[in-house]
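Okay, structure first, notes after.
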Amino acid sequence: MQVAFHSSDPLSFDSPLLAVAVHEGASASEGFLARLDRHLGGAVARVLGAGDIKGKDKDEVILYGGDSGPRRVVLLGVGKAADFDAEQMRR
């Protein structure tokens, strides 16, 4: 597996996978999750609303991309925003 850093808009970059950190209590109506939700036709709001991901540490769900951008998006629960640090991101 090759991991690379790109400073371009992640929703316009053609990649096999985009990983997105999701904190507990996150909403698909604000920030990057709102943009991602629009890009994926409401899929983020649906999985959050259904409780398929709650943002708790080690939660994860895979969504499939649209016509452009990442082909798959994995939403990774990272726990409470107040507890999020570099070690949490590394794990």
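The values are calculated or read from the model by the stated rules, or taken from the named source; none is laboratory data. Remember, predicted model here, so these are calculated numbers, not experimental data. As a convention, Cβ positions derive from the backbone with ideal geometry for all residues, glycine included, and neighbour counts pool all protein chains shown. All accessible areas refer to the heavy atoms of the entire protein, side chains included, with ligands and DNA or RNA removed. Shrake-Rupley method; radii C 1.70, N 1.55, O 1.52, S 1.80 Å.
Taking only protein heavy atoms into account and a 1.4 Å probe, give the accessible area per residue of the chain in Å².
Values: 6100 Å² over 91 residues.
Normalised by residue count, the accessible surface of the chain is 67 Å².
Rounded to a whole number, what % of the accessible area of the chain do carbon and sulfur atoms account for, probe 1.4 Å?
Working: 3140 of 6100 Å².
In the chain, the share of accessible area belonging to carbon and sulfur is 51 percent.
Calculate I(q)/I(0) for the stretch 5-48 by the Debye formula, one identical point scatterer on each C-alpha and no solvent, and give its log10 at q = 0.22, 0.23, 0.33 Å⁻¹ to two decimals.
Result of the Debye calculation: -0.79, -0.86, -1.30.
Using the 2.2 N^0.38 Å rule of thumb for compact globular proteins, work out how the chain stacks up: its C-alpha Rg over that value, please. Could the numbers behind the result be given before it?
On the way: Rg = 12.8 Å, N = 91, 2.2 N^0.38 = 12.2 Å.
Against the compact-globule rule of thumb, the ratio is 1.04.
When you count, for each residue, the other Cβ atoms within 10 Å and take the mean per peptide, how do 66-74, 82-90 rank with the highest first? Spell out each step's value before the answer.
Details: 66-74: 15.2, 82-90: 9.6.
Final packing ranking: 66-74, 82-90.
Just to be sure I understand: with springs between alpha-carbon atoms less than 10 Å apart, which residue in Gly25, Gly79, Gly55 has the highest mean-square fluctuation in the Gaussian network model of the chain?
Maximum fluctuation in the GNM of the chain, among the listed residues, is at Gly25.
Step through the residues of the stretch 55-72 one at a time and calculate ³J(HN,Hα) from phi using the Karplus curve (6.51 cos²θ - 1.76 cosθ + 1.60, θ = phi - 60°), rounding each to whole Hz and writing x for Gly and Pro.
Listing the rounded values in order: x, 5, 3, 6, 5, 7, 8, 10, 10, 9, x, x, 6, 9, x, x, 7, 9 Hz.
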